[in-house]
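All remarks here apply to the structure that follows.
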């Protein structure tokens, strides 16, 4: 059967997107501190926070319909 993202034994890449932000240097240093404290990379911490935000939103308002969003 394989794992999600596999197709006939070939590992398929997800279509990850890239974003960038401007951030105050002290805030960035604190963010890296928190990420290390929680044993995550900065990218992993950002993904954790984004996923938490989406999960909380959807618990309150229902699942986001991506098909509707594309209109």
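Taken together, the values in this text are just the output of simple stated rules run on the coordinates, not laboratory data. Just so you know, these numbers come straight off a predicted model, no measurement behind them. Backbone-built Cβ (ideal geometry, glycine too); neighbour counts: all protein chains shown.
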Quiz item: Sorted from fewest to most neighbouring beta carbons within 10 Å, what does the list 20, 41 look like?
Solution: 20, 41
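If you average over every viewing direction, what projected area does the convex hull of the Cα atoms of the stretch 22-69 give, in nm²? Mind dumping the intermediate values first?
Values: hull surface 18.5 nm².
Computing the convex hull of the Cα atoms and averaging its projections yields 4.6 nm².
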Self-check item: Neighbour-count order for 19, 27, 54, 46, fewest beta carbons within 10 angstrom listed first
Solution: 19, 27, 54, 46
